[in-house]
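Trainee: Got a structure for you, written out below as structure tokens; questions coming shortly.
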Amino acid sequence: MTDFFTQTVDELIVAGVSSPRLEARMIFSHILQQPQSTIDYQCDLSIEQQTQLAEILQRRRKHEPLDKIFGYRDFYKNTFIVSDQVLSPRPDSEILVEEAIKIAKSTNAETILELGVGSGCLILSVLAECPDMIGFGIDKSPAAIDIARKNAAKLNLEKRITLQNGDYFVPTLPDKKFSLIISNPPYIASKEIESLDLEVKSFDPAIALDGGTDGLEHYRQIASVIDKCLSPDGYILLEIGVGQADAVKNIFSAKGFTLNKIVCDLAGIKRCIIFKK
């Protein structure tokens, strides 16, 4: 019997994948539709499954990320639909979700707004943990809004969130006040995008990466338009890039916002910055 699992690991090694055995287990879990813990990795594969495996490996050899190939990715406590039209959810962003949930529960927050909703993984993760909240998400990409709607329906949250195609650079923000405002805006400097990993620069949408000349363009815009949307005791939670904490603090301080705290990710990098009005 052919050892398809070992062959898969070997092909992933040749492709330069950093965790070939882990990815092979993920691929088999996807093909067999079984949890990794229950799979017999020495099992035979049907012709259809062999064809599916070959197609996955062909795409992976081109460095297409597995979540783009599968069409879904686990994030926080749920699985989200993704595509090449939205930024792949990253574990680092779970820091922002955790902080938003803490604030929402401690302040009995009732409303949340996300700027640049993408797949919806941030705001939907918060709403799933805070059953009394309602949400509003805005994104300039119609394709992203479509995916966010699918994820909202998948999590049975579609009645608690309004999703709008729009651009916060052209003030189309909702005319209402929110207890929490969250965003993971594009924060890569334009000149640095070409130096990103191939899996990012070739398969995540440029619109979700490009933060302008210095990577701070979206923070400046958010700081300039957000006052009308934030309730008097509201909080703003933003994901930030490496080394951006001081610059983002200065941008928001200049607009009258007060730094609440900065939270590091598991690698000790300042990843989430929180302001109050």
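The values are calculated or read from the model by the stated rules, or taken from the named source; none is laboratory data. Computed from a prediction, not measured in an experiment: that's the story for all the values here. With ideal geometry, Cβ positions are generated from the backbone for all residues, glycine too; neighbour counts draw on all protein chains shown.
Trainee: Of all the residues that make up region 126-184, how many are in contact with a Phe, Trp or Tyr (Cβ under 8 Å, 6 or more places away or on another chain) and polar (S, T, N, Q)?
Mentor: 4
Trainee: Here's something else I'd like to know. Consider region 95-125. How many of its residues are crowded, with 18+ Cβ neighbours inside 10 Å and either small (Gly, Ala, Ser) or free of Cβ contacts under 8 Å to residues at least 24 places away in the same chain (or both)?
Mentor: Within region 95-125, residues that are crowded, with 18+ Cβ neighbours inside 10 Å and either small (Gly, Ala, Ser) or free of Cβ contacts under 8 Å to residues at least 24 places away in the same chain (or both) number 8.
Trainee: Is it the case that Glu194 is under 28 Å from Arg59 (Cα atoms) and surrounded by 15 or more Cβ atoms within 10 Å (Cβ to Cβ)? I'd like the intermediate steps shown before the answer.
Mentor: Details: under 28 Å from Arg59 (Cα atoms): yes; surrounded by 15 or more Cβ atoms within 10 Å (Cβ to Cβ): no.
No; evaluated as a whole, the condition is false for this residue.
Trainee: The conditions are (1) assigned to a helix (DSSP H, G or I); (2) modelled with pLDDT of 90 or more; (3) farther than 30 Å from Leu238 by Cα, and Val97 fails exactly one of them. Which is it?
Mentor: Result: Val97 fails condition (3) only.
Trainee: On to the next question. Please list, ordered by first then second residue, the pairs with beta carbon atoms under 7 Å, 6 or more apart or interchain, first in region 6-29 and in the same structural domain as Asp40 (by TED's automatic domain parsing), second outside any helix (DSSP H, G or I) and hydroxyl-bearing (Ser, Thr, Tyr).
Mentor: Close Cβ pairs satisfying both conditions: Phe28/Tyr41.
Trainee: Here is a further query. Does region 173-181 contain any residue that is outside any helix (DSSP H, G or I), closer than 21 Å to Asp92 by Cα and modelled with pLDDT of 90 or more? Outline the logic, then answer.
Mentor: Step one: filter region 173-181 for residues outside any helix (DSSP H, G or I), giving 173-181.
Remaining after also requiring closer than 21 Å to Asp92 by Cα: 180-181.
In the following step, the residues that additionally are modelled with pLDDT of 90 or more were identified as 180-181.
The answer is yes, given that some residue of region 173-181 is outside any helix (DSSP H, G or I), closer than 21 Å to Asp92 by Cα and modelled with pLDDT of 90 or more.
Trainee: Among the residues that make up region 103-111, is at least one of them assigned by TED's automatic domain parsing to the domain that holds Glu158 and within 13 Å of the chain's Cα centre (by Cα)?
Mentor: Kept after step one, since they are assigned by TED's automatic domain parsing to the domain that holds Glu158, are these residues of region 103-111: 103-111.
Then keep just the ones that are within 13 Å of the chain's Cα centre (by Cα); that gives none.
No, that holds for no residue.
Trainee: Same structure, new question: Just to check your reading of the model, which residue among Val242, Val263 is out of contact with any Leu (no Cβ under 6 Å at 6 or more places or on another chain), among the aliphatic types (A, V, I, L, M) and either not assigned by TED's automatic domain parsing to the domain that holds Gly118 or not in a strand (DSSP E or B) (or both)?
Mentor: Val242
Trainee: While we're on this one: Specify which of the listed residues (Phe169, Phe80) is touching a residue at least 24 places away in the same chain (Cβ under 8 Å) and closer than 30 Å to Glu55 by Cα.
Mentor: On the way: Phe169 fails: closer than 30 Å to Glu55 by Cα.
Matching residue, one of Phe169, Phe80: Phe80.
Trainee: Test Asp44 against the criterion of being of a type in the set (Asp, Glu) and within 24 Å of Lys140 (Cα to Cα), and give yes or no.
Mentor: Working: of a type in the set (Asp, Glu): yes; within 24 Å of Lys140 (Cα to Cα): no.
No: the conditions fail for Asp44.
Trainee: Could you tell me which residue of region 201-219 is farthest from the chain's Cα centre (by Cα), considering only residues that are crowded, with 17+ Cβ neighbours inside 10 Å and outside any loop (DSSP other than H, G, I, E, B)? Before you say what the answer is, go through the steps one by one.
Mentor: Pass one, region 201-219, residues crowded, with 17+ Cβ neighbours inside 10 Å: 203-205, 208-211, 215-219.
Then keep just the ones that are outside any loop (DSSP other than H, G, I, E, B); that gives 208, 210, 217-219.
Values: Ala208: 10, Asp210: 15, Glu217: 19, His218: 16, Tyr219: 17 Å.
The qualifying residue farthest from the chain's Cα centre (by Cα) is Glu217.
Trainee: Please verify whether Ser119 is under 18 Å from the mean Cα position of the chain (by Cα), assigned by TED's automatic domain parsing to the domain that holds Gly234, polar (S, T, N, Q) and at pLDDT below 95, treating the condition exactly as stated.
Mentor: Details: under 18 Å from the mean Cα position of the chain (by Cα): yes; assigned by TED's automatic domain parsing to the domain that holds Gly234: yes; polar (S, T, N, Q): yes; at pLDDT below 95: no.
It is false that Ser119 is under 18 Å from the mean Cα position of the chain (by Cα), assigned by TED's automatic domain parsing to the domain that holds Gly234, polar (S, T, N, Q) and at pLDDT below 95.
Trainee: Filter region 126-169 for residues that are assigned to a strand (DSSP E or B) and surrounded by 19 or more Cβ atoms within 10 Å (Cβ to Cβ) and give the result. Don't jump to the end; show me each part of the working.
Mentor: If we filter region 126-169 for residues that are assigned to a strand (DSSP E or B), which is where we start, we get 134-139, 161-165.
Answer for region 126-169, where residues must be assigned to a strand (DSSP E or B) and surrounded by 19 or more Cβ atoms within 10 Å (Cβ to Cβ): Gly135, Phe136, Gly137, Ile138, Asp139, Ile161, Leu163.
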